[in-house]
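Worksheet: the structure to be examined is printed underneath.
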Amino acid sequence: MVFQGLPLVEVPVRRARLRVDNGGLGGSAMDQSVPTGLELTVFDAVFRERPHERFDALRAAEPVHEDKVLNRLVLTRAVDIAALLKDRSLSVDPSKSAPGSFSAVMLPDVAASPDKSILFLDDPDHRRLRGLVSKAFNARSIDSLRPHIAAIADALLDALAGRGEFDLIADYCSPLPIIVIAEILGVDTADRADFRRWSQGSAQAFSPVKSPETIALLEANRQGLEAYFSRVIAERRAAPRDDLISAMIAAETDGDRMTTREIVVMCNLLLIAGNLTTTDLIGNAVLALLRNPDQLAKLRARPALMPAAVEETLRLDPPVTDTVRTPLCPMRIDGVEVPAGGSVDALLMAGGLDPALHADPLRFDIERADKTHFAFGGGLHFCLGAPLAKAEAEIALERLLARFPRLALAGRPVARNITPSFNGVEALWVTP
């Protein structure tokens, strides 16, 4: 099995050993395993299904953990994660990482690409593009879209009428953000079928296993999307409309504008990464509510708690598991040396589950007073699409619960996706 050049089946899972005093019972010591390597990725069943067990073990033994299998430093404490995300001296660009480091091995295509998205750009390039895009992609603009997002959600729910059970991911959580971003970008109705096919096919770019057929399909989808966006951008330059592509074309700061290639890359980022994370956020929220009927009843009785329910989902079960930073100069984190070009992997999910930050962190409580989380990263790279993702999740949940007052899990197994850095479920079968 190969993901981004890493032969996963050949990577040994090293078990670090910790000697722990037994509290005076005879004066001997016992060994306790410290998870490392693939045990700290979605390729590990415990990490996928019960990640807190891995996080708790690391915080107790090595909260700043040297993962010598995957060549990275792993952070699990909220205080360390917050400090890392705020550190402006660190890089997000894999091309600046040392050969053999976690970032270089896992993202070789990104490191070699001359067309990086803002996810992998440092200042001043990141600041320039973010400044231009944010003028066309802000919270006020998203708020104006809420009625239209609700209409899209209602249309999808109409199609489910009369069905005894359905997969909420395939039939609702996944198509909703694809249709929404198509509307925002200004994709013509006649092109929606092709756009959706390209969009759903492109999601396989994050799959850890790619057959020759999958690789060929990904390339066809990439070419289709890039040709489509290039054509639409040319059309909007000649005849602007009230859509995001036209807004990105018009966005200007001190005479600086986005190039056609930069707009294409931004469209692909919004389409692929944004759709996957929003799909997972909606699915994770529904799953949490159905598994916690007391919280679901509370939300039904008090719909004004909907934003709080989404925030609690982002804390407890976020759609993104981690983010990597690269120091350009040697640094120390809690006494541990990190060389220039090394990889520091902040487990964002672990930060929201840190008992030092939240009491009873595994409890899903939509009225929790402090819902601090790191689901959207932080610092300079705080997710630009956060307002849209939260708006879509709130509206999707509101319309779903209003339509199906007896919504329940169908009793089928719920399996987590195996997609690096993403956290969601493959399918969520429910009965209305």
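Every number here is computed from the coordinates shown, using simple stated rules; none is lab data. No experiment lies behind these values; they were computed from the predicted model shown. For neighbour counting, all protein chains shown are included, and Cβ atoms are generated from backbone atoms with ideal geometry for every residue, glycine included.
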Check: Which three extents, in whole angstrom, do the alpha-carbon atoms of the chain cover along their principal axes, largest first?
Finding: 79, 51, 43
Next item on the list: Please list the non-local residues whose amide H lies under 5 Å from the amide H of residue 408, H modeled 1.01 Å from N, same-chain partners needing a gap of 5 or more.
Entry: 431
Notebook entry, point to check: Which of the trypsin sites (Lys or Arg not before Pro) found in segment 92-168 are loop residues per DSSP with 15 or fewer other Cβ atoms within 10 Å of their Cβ?
Noted result: 135, 163
Item checked: Full-stretch length increase - residue 223, residue 386 - with 0.36 nm per residue and alpha-carbon distance subtracted -> 55.9 nm
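Number of Lys-Lys pairs in segment 2-431 under 20 Å by Cα, sequence gap 8 or more or different chains?
The result is 8.
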Item checked: Net charge contributed by nearby residues that have their C-beta within less than 13 Å of residue 163 (K/R +1, D/E -1) -> -3
Next item on the list: Considering only 275, 284, 71, give the residue with the highest GNM mean-square fluctuation for the chain, with springs between Cα atoms whenever their separation is below 10 Å.
Entry: 71
Checklist line | Environment charge at residue 305 (Cβ cut-off 12 Å; Lys +1, Arg +1, Asp -1, Glu -1) | finding: -1
Next item on the list: Collect residues whose amide H, placed 1.01 Å from N in the peptide plane, falls under 5 Å from the amide H of residue 422; neighbours closer than 5 in sequence don't count.
Entry: 321
Margin query: Considering just Cα atoms, how many Å³ per residue does the convex hull of segment 258-394 enclose?
Written below: 129
Next item on the list: Could you line up 219, 262, 165 from fewest to most neighbouring Cβ atoms inside 10 Å?
Entry: 219, 165, 262
Notebook entry, point to check: In whole angstrom, how far apart do the alpha carbon centroids of segment 97-137 and segment 370-429 sit?
Noted result: 25
Check: What percent do you get for the relative contact order of segment 2-431 when only Cα pairs under 8 Å and 6+ apart count?
Finding: 23
Check: Ordered by residue, what ³J(HN,Hα) values in Hz, to whole numbers, does segment 251-267 give under the Karplus form 6.51 cos²θ - 1.76 cosθ + 1.60, where θ = phi - 60° and Gly and Pro are x?
Finding: 4, 8, 9, 6, x, 8, 10, 6, 7, 4, 5, 5, 5, 4, 4, 5, 4
Check: Amide H of residue 427: which non-local residues (sequence gap of 5 or more, or other chain) have their own amide H closer than 5 Å, using H built in the peptide plane?
Finding: 415
Notebook entry, point to check: Given the options 190, 98, 408, which has the most mean-square fluctuation in a GNM of the chain, springs set between C-alpha atoms less than 10 angstrom apart?
Noted result: 190
Checklist line | Spacing of the two label points (7 Å from each Cα toward its C-beta) at residue 362 and residue 89, in nm | finding: 3.8
Check: If each residue's Cβ is checked for other Cβ atoms within 10 Å, how do 228, 172 rank with the fewest at the top?
Finding: 228, 172
Next item on the list: Determine the gain in length on full extension of the stretch residue 260-residue 409; use 0.36 nm per residue of separation and subtract their C-alpha separation, reporting nm with one decimal.
Entry: 49.1 nm
Next item on the list: For the chain, with a Gaussian network of springs between Cα atoms less than 10 Å apart, report the residue from 332, 261, 196 with the top mean-square fluctuation.
Entry: 332
